[in-house]
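Only one structure is covered here, and it is reproduced in the block below.
We did not get these values from a lab; they are worked out from the coordinates using the rules stated. As the structure is a computational prediction, the values presented were derived from the model and not from experiment. Backbone-built Cβ (ideal geometry, glycine too); neighbour counts: all protein chains shown.
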Amino acid sequence: MVQKLKDNLRELREQISVPEYLFWWASRIFMLLYIIQTFKGDHKWIDYLLPVIVGIGTFVVFLMRMVTPQNSLFGRLSFHLQTFVDMMCVAGSVGNYFGLYSVNGTLHYDWILHVISGVPMTMLGYYLLVAMNGKKTKLTPQICACGSMGFSFIVIIGWELFEYCGDYLFGDCNQRYNWEIVPEDPFYNFFTHSAAGTAQLPLADTIVDMATAFFVTIFTGIVLYIVLRRREKKEAAVAPEEKAEKATAAV
C-alpha cells in the first residue's frame with residue numbers, strides 16, 4: 001500500500017500542472033463551504049447527503065486508484081480526469097449555493113449547466129476509453145473522438161430519462177411541469193408562441209437541454225480530435241530522430 005501511494009504521487013506530479021492542482025483544492029474548499037451551508041439549514045435528508053457525495057467526488061480519482069489494482073480499469077485512470085470531475089461537481093453545486101436555480105428572467109442556470117456539461121462528459125469518455133484500452137492497441141484520434149462523443153451522448157440521453165422519471169414518479173419539476181411562467185422569460189416567449197403554446201414547455205425544455213449538450217459535445221470532440229492528431233504527428237516526427245540518436249550511440 002505504501003509503495004502504491006508513492007507510485008500514485010509520482011504519477012500525480014508527472015501528469016498534473018500546478019494550476020490544475022490548485023483548481024482541485026479550490027473545488028474542495030468550495031464543496032466544504034457548500035456542505036457547511038447545507039447543514040446549517042433545514043432540509044430533507046437527501047439534501048444533506050448529496051453535497052457530501054459530491055464533495056467526495058472531488059477526491060474520487062485518487063481514491064479509485066488507491067483501492068483498485070494498478071492493472072484494472074480504475075487503476076489506469078489519468079489524474080487529468082479529476083479536473084473534469086471537479087468541473088461537474090462545482091458547476092452543479094454553485095447553483096444551489098447561490099440559489100441560481102430559482103432565478104427567473106434572463107438567467108437559466110440549468111441551461112448553462114447543459115452548455116458546460118458537454119465538455120467534461122466528452123473528456124470523461126476519452127479518459128475512460130484510454131483506461132479501458134490500456135496498452136493493448138494504439139487508439140487513433142478518430143476512435144478517441146468518436147468514442148468520447150458517444151459516451152457523452154449516452155449520458156445526455158440518460159440524464160433526460162432520469163429527469164423524466166423523477167418528475168413522473170416523485171412529482172418533481174425537472175422538466176418544467178410546475179414551472180412558474182414569467183412573461184419576461186425568453187424561454188417562455190420563444191416557445192409559448194408555438195402551436196401547442198405552454199403545453200409544450202416540458203418537451204421544449206428537454207429538447208433544448210439535449211440539443212445544447214449535443215452540439216457542445218460535437219464541438220469538444222472536434223477540438224479533441226485536432227489536439228490528438230497534432231500530438232500524433234509530433235510523435236511521428238520525433239520517432240525517426242530518436243532512432244537515429246540510438247543508432248549513433250550504439251556505434
If the label point sits 7 Å along Cα→Cβ of I222, residues of segment 144-160 with amide N under 19 Å come out as 144-153
Pairs over 27 Å Cα to Cα, from K135/K233; K4/K135; K135/K234; K6/K135; K6/K234; K6/K233, come to K6/K234; K6/K233
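Assigning unit charges at the beta carbon (Lys, Arg +1; Asp, Glu -1) and nothing else, what dipole magnitude in debye, to the nearest 20, does segment 1-99 show about its Cα centre? Walk me through the numbers before you get to the answer.
Working: 9 positive and 7 negative charges, 51 e Å.
Here the size comes out at about 240 debye.
Nearest 0.05, what FRET efficiency do L63 and W111 give at R0 = 22 Å with Cβ-Cβ as r?
Details: r = 32 Å, r/R0 = 1.45.
After rounding, the FRET efficiency stands at 0.10.
Which FRET efficiency, nearest 0.05, do K233 and A26 yield, Cβ-Cβ r, R0 30 Å? All intermediate terms of the calculation are to be shown ahead of the outcome.
Values: r = 35 Å, r/R0 = 1.16.
Plugging the Cβ-Cβ distance into 1/(1 + (r/R0)^6) gives 0.30.
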